[in-house]
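Take a look at the structure below.
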Amino acid sequence: MDLVILAAGMGSRFGGNKQTEPVDKDGNFILDYSVFDAIRAGFDRVVLIIRKENQQLFEDTVVKRLRKFAPVVYAFQNVEDVPKGTIIPPERKKPWGTAHALYECKNVVSDKFAVINADDFYGFNSFKIIADFLKQSKENEFVSAGYEAQNTLSDTGAVKRGIFSLQNGKATNIVESKIEKRGGRIFATPLNEENWKEIRPQTMVSMTMFGFSKNILKEIREMAQSFFRQGQEKLATAEFLLPDVVGHMLKEGKATMHVLPTSSKWYGMTYREELVPLKNAIQSMKDNGQYPQNLYGTQQGLTKI
């Protein structure tokens, strides 16, 4: 099974390329830990979605390390790779979003695959539940690791999360939203809207950790046609997002999505202020034996569980 890593973001709020920001004393990135956990959980190939201009940077660092343990292939997210006839606003430089990232690897991924962000730390249990589900899932069955909203917030500012509507452990909808803390309460608003509403701390949210079959890629190609027909004014800032594609498929009855709560603790670094707490958390996990002190020093821990 493939592990698809979304690593083409620009890190505007972080102030730099956070996908290649060292998070331990050995210079490893978050995605080093993700692949370490994913291999133990049962994944056996890495698909890295990046911007072409960053290929040498990745090749000289994380890919050089990872190829000792798993094959790595690239897919490149290019602003100009859009359906024929699309007029791209001249000011558009930012990648088109997470659904467009998968649009770029339609000829690369295997039949079943997981998708994660390069700059989120998910924990082994999350990879394990996704891998175990995919091993027995049908073509129209998707899965997501579910995190409680209260455990995914930033003390620095608003963050983007996919908010699930659930029925009997399955998602009936997922809406990409901004969420933030205000005086001990949590508020959310769908992207591009102004109407904030309070949500419960235990509300299940997506951290863009999904398990899919290739059925999602067909839907992405079809929905891309309508997304890129928007006028240039909207396309200057619009994002083509995975939660929107998944939500559409759920409403049309084209797929089901199981949301499986994870016992792993999530860490991220949307803002640079979160980097030091993340480094401290990783070192603490090493000290208590969850990870070896030198991640690539030996193959200890990389046996599939």
*Which Rg and Dmax, in Å, describe the Cα atoms of the chain?*
18.5, 55
_Quick check on the chain: of the DSSP beta bridges with both residues there, what percent are antiparallel, nearest 5%?_
60
*In square nanometres, what is one fourth of the surface area of the convex hull spanned by the alpha carbons of region 124-179?*
4.9
*Under the Kirkwood approximation applied to all pairs of distinct alpha-carbon atoms, what is the hydrodynamic radius of region 11-85 in Å?*
13.7
*What Kirkwood hydrodynamic radius do you get for region 90-157 when you take the inverse of the mean 1/r over all pairs of distinct Cα atoms, in Å?*
14.9
*Extent of region 215-305 along each principal axis, from alpha carbon coordinates, in Å, largest to smallest?*
52, 33, 24
_Starting from the 7 Å offset along Cα-to-Cβ, what nm value, one decimal, do you get for the label separation of K251 and D81?_
2.8
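Just need the relative contact order of region 169-235 here, percent rounded to a whole number, with Cα pairs under 8 Å and 6+ apart. Walk me through the intermediate numbers first.
Details: 37 pairs, mean separation 10.6, N = 67.
RCO, region 169-235: 16 percent.
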_Long pairs among K64/K170; K52/K181; K214/K286; K64/K106, criterion Cα-Cα beyond 32 Å_ = K64/K170; K52/K181; K214/K286
*Can you check how the C-alpha radius of gyration of region 153-195 compares to 2.2 N^0.38 Å, as a plain ratio?*
1.26
*Two-decimal Rg to Rh for region 1-151 - Kirkwood Rh, Cα set*: 0.96
*aspartates and glutamates with Cα under 18 Å of K218, excluding same-chain neighbours fewer than 8 positions away*: D2, D81, E104, D111, E139, E141, D244, E252
*MRE, 222 nm, helices only [DSSP H, n ≥ 4, -39500 (n - 2.57), over the chain, to nearest 500]*: -7500 deg cm²/dmol
_Under 18 Å between alpha carbons, and skipping anything fewer than 8 positions from K197 in its own chain: which aspartates and glutamates qualify?_
E148, E176, E180
*For region 79-221, the spread of Cα positions along each principal axis, largest first, Å*: 47, 45, 26
*asked:* Give me a comma-separated list of calculated 3J(HN,Hα) values for region 285-292, in order, Karplus coefficients 6.51, -1.76, 1.60 applied at θ = phi - 60°, integers in Hz, x for any Gly or Pro.
replied: 5, 5, 5, 9, x, 5, 9, x
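Rule-based calculations on the coordinates, nothing more; no lab input. Computed from a predicted model, the values in this text were never measured in an experiment. In this analysis, Cβ positions are derived from the backbone assuming ideal geometry, glycine residues included, and neighbour counts consider all displayed protein chains.
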